[in-house]
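Participant: Please find one structure pasted underneath; my questions will follow.
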Amino acid sequence: MANTTLELARARTSGDLQIGGFKLTRRTRGIVIRQIFLQLFLLFMVVIVVFPVLWIISMATDPRGVTRPTDLVLIPANANLDAFTRLLTEPFTNVLPLYFGELMMNSLFIALGTSLFTVILGSSAAYAFSRFRFIGRQAGMLGFIILLLLPTTGVVIPLYVLFSSLSVSSTVAALPPAFFASGLIAIFVYLVFSLVKNFGKRNPDRSFNPSPQVVAAATALLALVAIFLAFFVMFQRSPLYRNLIDVPVSELRETYTVAQDDYNQRVGSVAQREQTAVRREDRAAAAEAAAAEMVTLNENGQAATDLAAFLTTEISARQTGTDEDEDNLVLQALIAAQTALNDSGVDAARAALAEGVTTVQAEAVDVRDGATSARANAEEAKANLATAEQTLIAARDAYLADAASIYALRDSALVAVLPYVLLAWGAALAAAAVLWGITRALRGRIEPRTAINILAWAVCLGILLGLGLDALQYRIAQSGTGMQTLRTTLLGLALAFASGGLPFAIWNLKGYFDTIPKELEEAALIDGAGLIGTFFRIMIPLALPAFAIVILFSFMNGWTEFILSWVFLTGATENYTLAMALATLANGANTAPPDMQKFAAMAILISIPILALFFGFQRWIVGGLAIGGVKG
């Protein structure tokens with residue numbers, strides 16, 4: 001017993017805590033408490049970050065189409081992906097008749113063009129500031145730092161004025177974005193070719209090594225899908241598709257939208273008029289009760305032996321000391337009678353009471369007439385709402401039925417074109433077989449690998465020229481011929497965004513170039529690499545983290561910016577971007593109410609390229625943010 005008492009005394013002195021068979025020291029308790037608070041903080045941060053994502057996903061999949069979301073429904077009932085389907089297959093007819101693919105190509109041209117211009121100009125200028133000593137070097141870097149402190153509009157507005165005074169041909173303005181789209185497709189085809197070629201070789205270090213037959217079959221199926229998509233895109237962009245599919249569906253949707261807007265407006269009107277009617281009916285009932293009360297008071301006052309005491313008692317019972325006393329007609333009539341009693345005697349006071357009865361009854365009649373009129377308006381609004389609801393149901397049924405028949409016509413047209421797709425696919429397979437036979441026959445004179453690479457480059461060149469010319473004709477048909485200002489072109493907007501991002505690019509790249517030892521360049525120069533070769537072979541590979549940061553920020557600026565895009569591309573609807581289309585869905589240039597389901601779905605689609613670029617560059621981003629700008 002003495003030993004136990006001694007141990008407890010020592011524990012109290014040292015601050016240790018004994019829980020069962022486990023002993024917690026003061027240091028251990030501190031660590032546990034800090035970990036608890038740390039985990040709670042991390043959980044709180046996870047909720048803050050994840051909750052908005054879950055909420056916007058729930059809005060995108062909510063079939064109710066709530067225009068002004070106020071409730072927090074993270075798992076909506078009957079969730080679907082209709083908003084994504086409509087975004088990807090239907091044109092944005094609220095402001096511009098463009099498809100998602102066309103808007104995406106415009107956005108990619110702006111984002112990738114901004115990144116390309118920023119990297120090329122920024123890296124060359126940063127390398128010059130880092131490695132060469134020339135007059136004005138420090139002043140130039142100081143100017144770039146000052147530009148970093150200015151908002152983007154401070155750099156872009158002078159370019160707006162300059163580009164507004166420069167005119168270019170519509171054909172010249174359409175050339176870069178047209179061949180940019182075909183170039184992306186050609187690059188994708190070449191990447192697929194490289195992937196197929198790599199899988200055609202057996203690699204013992206690779207876990208998946210398909211047989212040549214499997215590779216050939218997968219390539220043939222991929223070619224079939226590509227041919228079908230090409231036919232579909234060409235069919236979708238044809239005037240026939242626009243006249244037979246787009247225009248009729250747009251007209252049906254417009255009728256349905258007008259009926260929906262009218263119904264929504266009448267729902268609000270009915271609620272407002274019902275509230276007004278109820279409020280006026282309550283006032284009418286109160287006025288009628290006051291009239292009855294006034295009749296009783298007049299009778300009691302006429303029979304009262306002490307009228308002064310009667311009036312004083314009744315007035316005191318009704319006075320509350322608030323502003324509502326001014327609206328109390330009974331109280332006002334009693335006060336008027338008391339005033340008449342004090343000024344002119346009992347007969348005048350009784351006459352004032354009788355006059356008060358007439359006044360209160362007349363007010364009750366007027367208020368009741370107003371309540372009757374308000375109730376009639378409310379009933380009329382309800383009848384109009386019922387009519388609007390029937391019109392909406394009819395418009396919806398007509399839209400669903402007629403749109404379904406139109407889309408059935410589209411599907412039948414696609415089915416009718418399937419033989420031509422299969423014919424083109426068979427021709428492609430036959431051409432591939434012939435080319436394979438030619439390469440086999442000429443393998444004694446030219447290496448098959450070289451011949452196949454030449455053919456692949458030829459196919460990519462054919463795709464670039466063929467699809468580029470088709471896209472060029474399509475853009476010229478949209479924008480028309482003649483001259484237009486450089487400001488309203490995608491090229492001008494990409495140059496403006498690149499100019500706004502150059503100060504950050506030069507500052508970041510210059511700081512990273514300063515961390516690269518000059519001895520590496522000197523060794524490369526001694527080996528005969530040359531100045532340009534040294535830059536491409538030594539500097540660029542070593543500065544990939546800084547290039548990743550510049551490319552990511554430039555791409556994000558060109559991909560998400562829409563305010564300056566509105567300013568530059570005013571009137572040039574064929575050059576609108578995804579960010580601008582997203583603004584129209586948020587009621588930026590759309591008719592109310594906004595379609596929040598499509599807005600949320602499009603916000604998710606727009607964020608996907610940014611996430612893909614971030615995860616693709618994440619191995620370099622940390623180094624670029626940590627080391628860039630160390631020296632200045």
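The values are calculated or read from the model by the stated rules, or taken from the named source; none is laboratory data. This is a predicted model, so every value here is computed, not measured. Cβ coordinates were reconstructed from backbone atoms using ideal geometry, including for glycine residues, and neighbour counts include every protein chain displayed. Keep in mind that these areas ignore ligands, DNA and RNA; they rest on the heavy atoms of the full protein, side chains included. Shrake-Rupley method; radii C 1.70, N 1.55, O 1.52, S 1.80 Å.
Participant: Among all stretches of the chain without exposed chymotrypsin sites (Phe, Trp or Tyr not before Pro) (DSSP loop, at most 10 other Cβ atoms within 10 Å), which one is longest?
Facilitator: No qualifying site falls inside 209-632, the longest such stretch.
Participant: Given R₀ = 22 Å, FRET efficiency for THR573-LEU81 by Cβ-Cβ distance, to 0.05? Please report the intermediate quantities before stating the final value.
Facilitator: Details: r = 28 Å, r/R0 = 1.26.
Efficiency computed from Cβ-Cβ geometry: 0.20.
Participant: Carbon-plus-sulfur fraction of the accessible area of the chain, 1.4 Å probe, in percent? Walk me through the numbers on the way to the answer.
Facilitator: Values: 24130 of 36190 Å².
Carbon plus sulfur share of accessible area: 67 percent.
Participant: Sticking with this structure for a sec: Using +1 at the Cβ of each Lys and Arg and -1 at the Cβ of each Asp and Glu in the chain, identify which of LEU195, VAL567, PRO52 lies farthest towards the dipole's positive end.
Facilitator: Of the options given, the answer is LEU195.
Participant: Let me ask another. Based on the Cβ-Cβ distance of VAL415 and LEU149, what FRET efficiency does E = 1/(1 + (r/R0)^6) give at R0 = 56 Å, to the nearest 0.05?
Facilitator: The computed FRET efficiency comes out at 0.35.
Participant: Moving to a separate point now. If you average the sequence gap of Cα pairs under 8 Å that are 6 or more apart and divide by the length of segment 459-585, what percent do you get for the contact order?
Facilitator: Relative contact order for segment 459-585 comes out at 34 percent.
Participant: What relative contact order, as a whole-number percentage, does segment 255-372 give when Cα pairs under 8 Å and 6 or more residues apart are counted?
Facilitator: 37
Participant: Keeping all protein chains in the complex and leaving out DNA, RNA and ligands, what accessible area do you get for THR61 with a 1.4 Å probe, in Å² to the nearest 10?
Facilitator: 20
Participant: At 1.4 Å probe size, put THR387, THR450 in order of accessible surface, largest to smallest.
Facilitator: Working: THR387 85, THR450 60 Å².
These residues rank, largest area first, as THR387, THR450.
Participant: Something else now. On a 0 to 90 degree scale, rounded to 10, what angle separates helix 100-131 from the longest Cα axis of the chain?
Facilitator: Taking the Cα atoms of the chain, the angle to 100-131 is about 60 degrees.
Participant: A further question on this structure: Mind running the shape call on segment 142-223? Use the C-alpha gyration tensor, a ≥ b ≥ c as the square roots of the eigenvalues: rounded below 1.5 for a/c, prolate if a/b tops b/c, oblate otherwise.
Facilitator: Here segment 142-223 falls in the oblate category.
Participant: What relative contact order, as a whole-number percentage, does the chain give when Cα pairs under 8 Å and 6 or more residues apart are counted? Could you put the intermediate results ahead of the total?
Facilitator: Values: 623 pairs, mean separation 194.1, N = 632.
Rounded, it is 31 percent for the chain.
Participant: Taking the Cα centre of the chain as the origin, how large is its charge dipole in debye, to the nearest 20, when only Lys and Arg (+1) and Asp and Glu (-1) carry charge on their Cβ atoms?
Facilitator: On the way: 44 positive and 48 negative charges, 1123 e Å.
That gives the chain a dipole magnitude of about 5400 debye.
Participant: Expressed as cubic angstrom per residue, what is the convex hull volume of the alpha carbon set of segment 192-294?
Facilitator: In segment 192-294, the Cα convex hull volume per residue is 210 Å³.
Participant: Need one value: the accessible area of VAL156 in square angstrom, 1.4 angstrom probe, rounded to the nearest 10.
Facilitator: So the heavy atoms of VAL156 present about 0 Å² to solvent.
Participant: Moving on to the next point. Once the chain is represented by equal point scatterers at the alpha-carbon sites, with solvent omitted, what log10 I(q)/I(0) does the Debye formula produce at q = 0.11 Å⁻¹?
Facilitator: With no solvent term, the Cα-only Debye profile gives -1.26.
Participant: I've got another one for you. Rounded to the nearest 10 Å², what accessible area does ARG34 show when all protein chains are kept and the probe is 1.4 Å?
Facilitator: 150
Participant: Just reorder VAL417, VAL214 by solvent-accessible area, largest first, 1.4 Å probe, all chains present.
Facilitator: So the residues, ranked largest to smallest area, are VAL214, VAL417.
Participant: If you take the square roots of the eigenvalues of the alpha-carbon gyration tensor of segment 534-577 and sort them as a ≥ b ≥ c, do you get rounded (a/c under 1.5), prolate (a/b over b/c) or oblate?
Facilitator: It comes out prolate by the Cα gyration axes.
Participant: Bin by bin, in steps of 5 Å, what percent of the Cα pairs in segment 84-198 do you find, going until the bin that has the longest distance?
Facilitator: So the P(r) values, bin by bin, are 2, 8, 9, 14, 16, 15, 12, 11, 7, 5, 2, 0.
Participant: How tilted is helix 596-627 with respect to the longest principal axis of the chain? Cα atoms for both, answer in degrees (0 to 90, nearest 10).
Facilitator: 50
Participant: Still on this structure, I have one more. Using alpha carbons only, how many degrees (0 to 90, rounded to 10) separate the axis of helix 212-236 from the longest principal axis of the chain?
Facilitator: Relative to the chain, helix 212-236 is tipped by roughly 50 degrees.
Participant: Arrange the peptides 273-280, 135-142, 328-335 so that the one whose residues have, on average, the most other Cβ atoms within 10 Å appears first. Spell out each step's value before the answer.
Facilitator: On the way: 273-280: 16.8, 135-142: 11.2, 328-335: 19.8.
Highest-to-lowest ranking by the protection proxy: 328-335, 273-280, 135-142.
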